[in-house]
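Just below is one structure, and these are the notes that go with it.
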Amino acid sequence: MDRQFYVYILASQRNGTLYVGVTNDLARRVYEHRTGAIPGFTKTYDVHRLVWYEPHDSIAEAIAREKRVKRRRRSWKLELIEADNPQRLDLYERLNQ
C-alpha cells in the first residue's frame, strides 16, 4: 500500500505565527488543529490556516524535511510559502475536493 506523508506549515494570519508539522493524513491533522482537538501550541496561539504543504513518499524523508524547514529562519519559511501560495490562502478547503 502506497502511503503519502506531508510536511506542512500553518499560520495564524497573514503575518502571524507559523507552525511546521508532519503527518500521514493531512486533512485529518489540519482539521484537528482547526477545531482545537489537541491541546498545545496551535490551539494556544490559534494557528490553523494551512498555507503550505509538501508530499513525501516515506516518513523518514518527511521528518528530515520537517527538521530542515524548522531550522530555517522565518523569512525563508515565508518565501517558501509565497513561492507556492503568494496570496497565502487557506489551502484546507482544497484538500477535500
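Rule-based calculations on the coordinates, nothing more; no lab input. Computed from a predicted model, the values in this text were never measured in an experiment. Counting neighbours? That spans all protein chains shown, and the Cβs are built from the backbone with ideal geometry, glycine included.
Worth pointing out:
- Spatial separation of Cα centroids for the range 50-91 and the range 1-46, in angstrom: 12
- Helix-only [θ]222 nm of the chain, DSSP H runs n ≥ 4, -39500 (n - 2.57) each, per residue, nearest 500: -12000 deg cm²/dmol
- Under 11 Å from the Asp84 label point (7 Å along Cα→beta-carbon), backbone N, the range 7-41: 7-10
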